[in-house]
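Trainee: Below you will find the structure I want to go over with you.
The values are calculated or read from the model by the stated rules, or taken from the named source; none is laboratory data. Quick caveat, the model's predicted, so the values are computed rather than measured. Reconstructed Cβ throughout: ideal geometry from the backbone, glycine too, with neighbour counts over all protein chains shown.
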């Protein structure tokens, strides 16, 4: 459906726990869809649902929901995914719920393999703490993707939540939902207008590529673009180039493999806020695949958004930003050379290794399972702590790997590449 967005994720996402830079649904968009049932929101108390917990997985927001009162799922909350309902990666999930599919859709997106097909079920109940959405769509991939199957996160949710006013409180790790009739903005927050290009939420910003020459840009608001401050489309704007060295990364998009360049720009500006030496990914039209650019110059990544407590009032065409305790956080990019994915058992499976990287020189191999980092079970270490451990320029980190029946240790000398 036009206006459903381009999803950079995950594993939009660069990074799975920072051992990786994985992009699972990079630039995916729903191109056609079934007519949804009339969407409804049922708050359990009044006109709000406060304190919906979330966790940060792979650098992105993940909420736990229940579908049809029977199946618990973990879902990336993607502020740019405008579709009602959920997008699920694993067709087995639909079988478990005995979903009755009413139509099919094509999923366009980044990558070289072309569009994927998904089935659509209507009238699916989605439940979160304090709120129920009784009649939503479930969009389920028809064929499993080997890089998505077994992943710790089951899919994506977006437009279902953004029908309400959404407050993302990063300091407390909770999402609060408000009916528009009761929402009152924080007087200490700054208001920024949001525009909708074919349904895609876009905010004005500026990129400083050459010193002292900020270039106005329109950026898709994207919590589904983790571990980067901004993504820049290098077409039809060839002057958008990184300031300094770059690092090539091959991720996975909804349409197959996607190659991007990691680098930095002099600054990213957002209203009165300016972020120097910002991390950025640069992608060309080939990487973008079947996804469609509808006026935006790039994506405003999650590493920028999570410096603020964020309120999304899409119905009011505005967003409110209030700096939080992460405001001065320095964004780093992975320093191991490993691209992996987290499995449901909590371990991480290596599926790519960058040439000439610390991992490549220490015989880390595709298919290895990462089970410990510096002697600690990766299943027990919070994402933020692992992120810090694996992004210490000049430090060494010891990975414990399972390779078939063997358990091996590899010590990597971390180094910053951009």
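Trainee: How many residues does the range 383-393 contain that are in contact with a strand residue (DSSP E or B) (Cβ under 8 Å, 6 or more places away or on another chain) and part of a loop (DSSP other than H, G, I, E, B)?
Mentor: Selection size over the range 383-393: 1.
Trainee: Then there's this: Which pairs do you get when a residue that is modelled with pLDDT of 95 or more, found in the range 363-391, comes within reach of a residue that is surrounded by fewer than 17 Cβ atoms within 10 Å (Cβ to Cβ), reach meaning Cβ atoms under 6 angstrom, with the pair 6+ apart or on two chains?
Mentor: So the pair list comes out as 368/403; 369/402; 371/402; 374/398.
Trainee: Please tell me if residue 227 is buried (at least 24 other Cβ atoms within 10 Å of the Cβ), at positive phi, in contact with a helix residue (DSSP H, G or I) (Cβ under 9 Å, 6 or more places away or on another chain) and in the same structural domain as residue 61 (by TED's automatic domain parsing). If you could, list the steps in order and put the result at the bottom.
Mentor: Details: buried (at least 24 other Cβ atoms within 10 Å of the Cβ): yes; at positive phi: yes; in contact with a helix residue (DSSP H, G or I) (Cβ under 9 Å, 6 or more places away or on another chain): yes; in the same structural domain as residue 61 (by TED's automatic domain parsing): yes.
When the stated conditions are applied, residue 227 passes them.
Trainee: Further question on the same structure: Could you list all residues from the range 390-399 that are out of contact with any helix residue (DSSP H, G or I) (no Cβ under 7 Å at 6 or more places or on another chain) and either within 24 Å of residue 250 (Cβ to Cβ) or crowded, with 19+ Cβ neighbours inside 10 Å (or both)?
Mentor: 390, 391, 393, 399
Trainee: Restricting to the range 363-378, name every residue that is touching a strand residue (DSSP E or B) at 6+ places or on another chain (Cβ under 8 Å) and either in a helix (DSSP H, G or I) or surrounded by 13 or more Cβ atoms within 10 Å (Cβ to Cβ) (or both). Don't jump to the end; show me each part of the working.
Mentor: Narrowing the range 363-378 to residues touching a strand residue (DSSP E or B) at 6+ places or on another chain (Cβ under 8 Å): 363-375, 377-378.
Scanning the range 363-378 gives 364, 365, 368, 369, 370, 371, 372, 373, 374, 378.
Trainee: Among the listed residues 286, 292, identify the single one that is modelled with pLDDT under 95, out of contact with any strand residue (DSSP E or B) (no Cβ under 6 Å at 6 or more places or on another chain), assigned to a loop (DSSP other than H, G, I, E, B) and in the same structural domain as residue 218 (by TED's automatic domain parsing).
Mentor: Checking each option against the conditions leaves just 292.
Trainee: Step by step: first the residues of the range 86-114, then only those that are crowded, with 21+ Cβ neighbours inside 10 Å, outside any strand (DSSP E or B) and more than 17 Å from the chain's Cα centre (by Cα), then the one that is modelled with the lowest pLDDT. Which residue is that?
Mentor: 94
Trainee: Here is a follow-up. How many of the residues in the range 185-220 are free of Cβ contacts under 8 Å to residues at least 60 places away in the same chain, touching a strand residue (DSSP E or B) at 6+ places or on another chain (Cβ under 8 Å) and in a loop (DSSP other than H, G, I, E, B)?
Mentor: Qualifying residue count, the range 185-220: 1.
Trainee: If residue 149 passes every condition in (1) surrounded by fewer than 22 Cβ atoms within 10 Å (Cβ to Cβ); (2) touching a strand residue (DSSP E or B) at 6+ places or on another chain (Cβ under 6 Å); (3) at pLDDT below 95 but one, which one does it miss?
Mentor: Going through the list (1) surrounded by fewer than 22 Cβ atoms within 10 Å (Cβ to Cβ); (2) touching a strand residue (DSSP E or B) at 6+ places or on another chain (Cβ under 6 Å); (3) at pLDDT below 95, residue 149 breaks only (2).
Trainee: Kindly provide the set of residues from the range 264-274 that are surrounded by fewer than 22 Cβ atoms within 10 Å (Cβ to Cβ) and more than 19 Å from residue 191 (Cβ to Cβ), ordered by number. It would help to see each step written out before you state the result.
Mentor: Within the range 264-274, the subset surrounded by fewer than 22 Cβ atoms within 10 Å (Cβ to Cβ) is 264, 266-267, 269, 271-274.
If the condition is that a residue be surrounded by fewer than 22 Cβ atoms within 10 Å (Cβ to Cβ) and more than 19 Å from residue 191 (Cβ to Cβ), then 264, 266, 267 are the ones that fit.
Trainee: OK, next. Quick one: which strands (runs of 3 or more DSSP E) lie wholly within the range 297-362 and hold at least 3 residues that are under 17 Å from the mean Cα position of the chain (by Cα)?
Mentor: Qualifying strands (runs of 3 or more DSSP E): 298-300, 308-313, 338-342.
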